[in-house]
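Everything on this sheet refers to the single structure shown next.
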Amino acid sequence: MEISHIEHIGIAVPNLEEAIKYYESVLGLKCYKKEVVEDQKVTTAFFKVGDTKIELLEATSPDSTIAKFIEKNGGRGGMHHLAFCVEDGVANALAECEEKGVKVIDKAPRAGADGLQIAFLHPKSTEAVLTELCEDPNK
């Protein structure tokens, strides 16, 4: 597996509009895209910092993984996942991880926010950090 860069840092937030205000008014960043990802039951907002993106995630359903994460975190948000861009494709990276004994959440790549193909590795196998593998199919 060849990782080229950190694609994004995913941050769960209980209120997307309030979080966007903080990132824009305090940090001076600009939200360049908001997107609902139906199958993940989230609304996302993206910011760019150099070559890395910050992805804010707000639950659209109480049974989403983001809602459960926030509930376990006392109603507060926090860092949810770290996403890496893989150059040799998510499917190949998943196969390589499984060969090395890493527990995967996704058995195959799926559509994610911002036009990416994604798959998650289980935090029980990744030093307690939910890890996302990403590729841009348009590159």
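Descriptive notes on the structure:
- The condition (being modelled with pLDDT of 95 or more, among the β-branched types (Val, Ile, Thr), in a helix (DSSP H, G or I) and over 15 Å from the mean Cα position of the chain (by Cα)) is satisfied by just one residue among ILE66, ILE20: ILE20.
- Check on SER25, loosely packed, with under 13 Cβ neighbours inside 10 Å, at pLDDT 95 or above and part of a helix (DSSP H, G or I): yes
- ASN138 polar (S, T, N, Q) and either part of a helix (DSSP H, G or I) or more than 19 Å from GLU35 (Cβ to Cβ) (or both): no
- Sole residue being in contact (Cβ under 8 Å) with a residue 12 or more places away in the chain, more than 21 Å from ASP39 (Cα to Cα), open to solvent by less than 30 Å² (accessible area, probe 1.4 Å) and in contact with a helix residue (DSSP H, G or I) (Cβ under 9 Å, 6 or more places away or on another chain), chosen from VAL104, VAL86: VAL86
- Pick from segment 69-83, criterion more than 15 Å from VAL129 (Cα to Cα) and outside any loop (DSSP other than H, G, I, E, B), ranking: most open to solvent (accessible area, probe 1.4 Å): LYS72
- Only listed residue being assigned to a strand (DSSP E or B), open to solvent by 30 Å² or more (accessible area, probe 1.4 Å), under 19 Å from ILE70 (Cα atoms) and touching a residue at least 60 places away in the same chain (Cβ under 8 Å), chosen from ILE11, ILE6: ILE11
- Test: residue in segment 46-54 that is in a helix (DSSP H, G or I), open to solvent by 50 Å² or more (accessible area, probe 1.4 Å) and either among the aliphatic types (A, V, I, L, M) or at pLDDT 95 or above (or both): no
- Matching residues in segment 107-128 - criterion: being touching a Pro at 6+ places or on another chain (Cβ under 6 Å) and either over 25 Å from TYR32 (Cα atoms) or open to solvent by 30 Å² or more (accessible area, probe 1.4 Å) (or both): GLN117
- Candidates are the residues of segment 35-45 that are touching a helix residue (DSSP H, G or I) at 6+ places or on another chain (Cβ under 8 Å) and farther than 14 Å from ILE11 by Cα; the one that is surrounded by the most Cβ atoms within 10 Å (Cβ to Cβ) is GLN40.
- The lone exception for LEU57 - which of (1) in contact with a Lys or Arg (Cβ under 9 Å, 6 or more places away or on another chain); (2) assigned to a strand (DSSP E or B) it fails: (1)
The values are calculated or read from the model by the stated rules, or taken from the named source; none is laboratory data. All of these numbers come straight from a predicted model, not from anything done at the bench. Positions of Cβ are backbone-derived with ideal geometry, glycine not excepted, and every protein chain shown enters the neighbour counts. Accessible surface is based on the protein model in full, side chains and every heavy atom, while ligands, DNA and RNA are left aside. Shrake-Rupley method; radii C 1.70, N 1.55, O 1.52, S 1.80 Å.
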